[in-house]
Each structure stands twice: as C-alpha cells, then as structure tokens.
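The values are calculated or read from the model by the stated rules, or taken from the named source; none is laboratory data. Bear in mind that the values here come from a model prediction, so they are computed numbers and not experimental data. Neighbour counts run over all protein chains shown; Cβ positions are idealised from the backbone, glycine included. Protein only, heavy atoms only, side chains kept; ligands, DNA and RNA dropped before computing areas. Shrake-Rupley method; radii C 1.70, N 1.55, O 1.52, S 1.80 Å.
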Amino acid sequence: ALSSRFVLLQEANITIRLFINREFGSLGAINVTYSTVPGMLSLKNQTEGNLAEPDVDFVSVVGFLILEEGETTAAINITILEDDIPELEEYFLVNLTYVDLIMAPLTSFPPRLDSEGLTAQIIIDANDGARGIIEWQHTRFEVHETKGSLTLVAQRSKGTLGHVSLFVYAQNL
C-alpha cells in the first residue's frame with residue numbers, strides 16, 4: 001500500500017505493520033513471500049546514515065502471508081529493536097519477492113507483483129543523542145564594559161556523529 005512504501009520511525013522495541021494491497025481482482029487464494037534486507041532506496045537530499053543491521057536494529061525475516069479469495073489487503077509485521085548506541089539514520093528494505101496462486105481458479109491471468117511497489121523503505125531516525133548536545137562551556141560570565149569583547153566557547157558533548165551547526169545572536173536584556 002502507498003502508506004507503507006516509505007516509513008520513518010523512532011528507534012524502539014516495537015512492531016510495525018506494513019500493508020500490501022491486492023488489486024485488479026481477488027479470485028483465488030494467493031501466497032505472497034517477502035524478506036527484510038539492509039538497503040536504501042535512492043532518496044533526494046540524503047547525505048547521512050547507515051544500513052541497519054539485521055537482528056541488531058530490526059528482526060530479519062523471510063516470510064509469507066496468504067490472502068484468501070476475496071481478500072484485498074494484508075499486513076506484514078516487522079519488529080524494530082532498541083539499543084542505546086548513538087546512531088544516525090539507519091535504513092533497511094522489506095521486499096515482496098514472489099506471488100503465487102495457491103488453488104488456481106479458471107483464469108488465464110495469474111497474479112503478479114507490481115514493479116512499482118515491490119519495496120518498502122524503512123528509516124529508523126537518528127537516536128540516542130547521535131548528533132550530540134551543544135552547550136556553552138561556561139554559563140556565567142562577568143565582563144567589564146571597557147574590555148570590549150567576550151569569547152564564548154560552545155562544546156559538543158555526547159554523540160559526535162553527523163554535521164551540526166549553531167546559530168548565535170546577541171540581544172539586550
């Protein structure tokens with residue numbers, strides 16, 4: 001289903017449901033096979049991130065589901081795993097690999113997989129403080145007005161992955 005093609009989620013011990021649709025008829029029961037693999041579809045503006053690790057970031061699965069005659073929607077359950085390692089975005093794919101009629105009715109049109117909807121992209125968002133915390137090295141200053149300047153030092157603590165920027169401005173109190 002279109003809503004399951006690109007999924008962005010937070011890292012947690014959760015199970016997500018990806019939906020598949022059976023279109024253009026529902027005669028006969030079908031068996032749809034699927035698998036999870038580390039991977040990334042081409043995304044515009046994607047500059048950071050890594051491939052998710054099977055059985056570390058998600059439960060690796062090779063499975064199947066059956067849609068009975070007349071059924072047009074089914075869900076694939078995918079389990080995401082929590083850890084406490086600072087990480088940038090992590091990517092993996094859920095691929096529909098094969099479809100087959102279980103008991104063929106009198107039809108000359110066997111089911112096929114839609115070439116546009118074979119893969120769902122799952123993105124586990126950056127987590128566990130991956131980009132760090134930006135803070136002032138000191139938070140209290142006393143400056144005599146004749147000095148003319150003050151040097152402020154910002155520091156990045158905790159995670160140090162990826163690029164960060166800091167915008168600073170002065171204002172009267």
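How high is the relative contact order of the stretch 19-173, given as a whole-number percent (alpha carbon pairs under 8 Å, six or more residues apart)? Intermediate results must be reported in sequence, preceding the final value.
Values: 269 pairs, mean separation 38.7, N = 155.
Worked out over the stretch 19-173, it gives 25 percent.
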accessible surface per residue for the chain, probe 1.4 Å, DNA/RNA/ligands not counted, whole Å² -> 69 Å²
Taking 0.36 nm per residue of separation between Leu8 and Leu41 and subtracting their Cα-Cα distance, the length gained on full extension comes to 10.6 nm
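In nm, what is the difference between 0.36 nm times the number of residues separating Ile133 and Ala75 and their Cα-Cα distance? Before the final figure, lay out the partial values.
Details: separation 58, 0.36 × 58 = 20.88 nm, distance 3.85 nm.
Working it through step by step, the gained length comes to 17.0 nm.
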Candidate cut points under chymotrypsin sites (Phe, Trp or Tyr not before Pro) in the stretch 2-43, DSSP loop plus at most 11 other Cβ atoms within 10 Å of their own Cβ, are Phe24
Expressed as a percent, the accessible surface of the chain that is carbon or sulfur, using a 1.4 Å probe and the full set of protein chains, is 53 percent
Between the modelled labels at Ile85 and Ser115 (7 Å from Cα along Cα→Cβ) the distance in nm is 3.8 nm
Rounded to two decimals, the Debye log10 I(q)/I(0) of the stretch 120-159 (Cα scatterers, no solvent) at q = 0.15, 0.17, 0.18, 0.34 Å⁻¹ is -0.57, -0.63, -0.67, -1.11
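What does the convex hull of the alpha-carbon atoms of the stretch 1-85 project to on average, in nm²? Display every interim value, and only then the final one.
On the way: hull surface 26.6 nm².
If you wrap the Cα atoms of the stretch 1-85 in a convex hull and average its projections, you get 6.6 nm².
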Once Val62, Val94, Val56 are ranked on solvent-accessible area with the largest value leading and a 1.4 Å probe, the list reads Val62, Val56, Val94
Rounded to the nearest 10 Å², the accessible area of Arg131 using a 1.4 Å probe with every protein chain kept is 70 Å²
Expressed as a percent, the portion of alpha-carbon pairs in the stretch 88-169 spaced more than 19 Å apart is 68 percent
The stretch 76-104 scanned against label point 7 Å out from Thr15 along Cα→C-beta; backbone N under 16 Å for 76-82
Across all Cα atoms of the chain, Rg and the largest Cα-Cα distance (Dmax), in Å, are 24.6, 94
The stretch 51-128: relative contact order from alpha carbon pairs under 8 Å, six or more residues apart, as a whole percent, is 34 percent
Residue-ordered couplings for the stretch 124-136, obtained by feeding phi - 60° into the Karplus form 6.51 cos²θ - 1.76 cosθ + 1.60 and rounding to whole Hz (Gly and Pro as x), are 8, 5, 3, 8, 6, x, 4, 8, x, 10, 9, 8, 6
